[in-house]
Amino acid sequence: MVAVFVCVCIHNDDMVTIPEVMLSSGAKPMPLIGLGTAVYPFAASETMRAAILRAIELGYRQFDTAALYRSEEPLGEAIAEAVRSGAIESRDELFITSKLWCSDAHGHLVLPALQRTLRNLQLDYLDLYLIHWPVSTKPGRYEVPMPKEDLQPIDLSSVWKAMEQCQRLGLTRSIGVSNFSTKKLETLLSIANIPPAVNQVEVNPLWQQQKLREFCVAKGIQVCAYSPLGAKGTMWGQDWVMNCDVIKDIAAAKGKTLAQICLRWVHEQGDCVLAKSFNEKRMLENLDILDWELNEEEKRKISEIPQRKGCLGLEFVSDYGPYKSAEELWDGEI
Ligand SMILES: NC(=O)c1ccc[n+]([C@@H]2O[C@H](COP(=O)([O-])OP(=O)(O)OC[C@H]3O[C@@H](n4cnc5c(N)ncnc54)[C@H](OP(=O)(O)O)[C@@H]3O)[C@@H](O)[C@H]2O)c1
């Protein structure tokens, strides 16, 4: 990876400066803070559209969506409205990530899936397109949990070839993966013509992913941290992060919120931070992590927090599917 950090000033009333990182694709740099858009049960809503528009006004420049989340359409509407209102001059000021759902993770379905995603978003191109999980399911369904009998092994070679074709066609500037272990990344790197620019995985103080991060840094793959607050209150998350006494104590002593300590810690690891909030106060709070830092003692305390993975992906595990256990899904890296 060309690990060049580029700072940009985002001009609006609140004037936020979000650092950016150049991805291995050499395309437009990626802002290191983005807004997540996953809300379960997955459904588009006016609340979502309005929250995303407000986020653009507040200075967010990266948005994370997925075919699964049903948030592509509201995100597209918010982008169009932001351009109309002059909050941004053009869509080029934003970094938009979406993901290929498992039911489209078949070589011949990748391009049509991306074309559908672009129609939903009213965009000509994505900045980043990710394979959502290292799993295929029978075509047609966009849901989780899915029927276990729908789970199939992914033909990574044909799916990645199709992802590469999407990038060559200019429909996405970069391609990458999500929920890939180091072992699966090694397999992918051995067959790829275009290496993955990003691996989007769970990262927070309770699931620090040191081994995976070291591997990604060595291979030039940018880590993007999902569920940086532990995704409390979602079907895939836990309240362990928000209830962690070590982080609570650091936050109280430092005059920051627990969420800010988590997000700052992720940021200091060099990962891209993807938190979801549709609440204006919390959206601003989550951006306010750039002009202060954790000291050595605070970092040491966080490094000693016992590790527990929140999102095990058990819906992808079945006696009849490609992964018989969570150990197999994550190649023992849990
Ligand atoms: N690739 C994948 O498989 C995958 C998996 C999971 C997530 N993701 C992506 O990553 C994004 C973020 O992860 P996530 O949504 O799972 O979890 P998260 O960002 O760790 O947590 C979201 C929850 O935290 C709350 N929250 C946000 N900011 C807060 C603050 N400052 N103080 C207190 N609570 C706060 C939100 O509520 P409010 O909205 O009410 O503030 C929401 O309930 C997702 O939205 C999605 O785009 C990807």
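Quick note: the coordinates plus some simple rules give every number you see, no bench work behind them. Note that the structure is a prediction, hence the values are computed from the model and not measured. With ideal geometry, Cβ positions are generated from the backbone for all residues, glycine too; neighbour counts draw on all protein chains shown.
Computed quantities for the displayed model
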{"item": "Residue order, fewest to most beta carbons within 10 Å, for M235, M48, M30", "result": "M235, M48, M30"}
{"item": "Per-residue HN-Hα couplings for the stretch 113-127 [Karplus 6.51, -1.76, 1.60; θ = phi - 60°; Hz; x = Gly/Pro]", "result": "5, 5, 4, 5, 4, 5, 5, 4, 8, 6, 10, 8, 8, 9, 7"}
{"item": "Relative contact order computed over the chain (Cα-Cα under 8 Å; 6+ residues apart), in percent", "result": "17"}
{"item": "Gain on full stretching of the segment that runs from D245 to E293 - 0.36 nm per residue minus C-alpha separation", "result": "15.3 nm"}
{"item": "Nearby aspartates and glutamates by direct alpha-carbon distance to K99 (threshold 15 angstrom, same-chain neighbours under 8 apart not counted)", "result": "D64, E72, E73, D127, E143, E164"}
{"item": "Phi to ³J(HN,Hα) by Karplus 6.51 cos²θ - 1.76 cosθ + 1.60 over the stretch 202-215, Hz, x for Gly, Pro", "result": "5, 9, 7, x, 8, 9, 7, 6, 4, 5, 5, 5, 4, 4"}
{"item": "Amide proton proximity set for V273, modelled H, under 5 Å, gap of 5+", "result": "I33, G34, A225"}
{"item": "D (Stokes-Einstein, µm²/s), Kirkwood Cα radius, the stretch 5-323, 0.890 mPa s at 25 °C", "result": "124"}
{"item": "FRET efficiency, K161 to S90 (Cβ-Cβ, R0 35 Å, nearest 0.05)", "result": "0.65"}
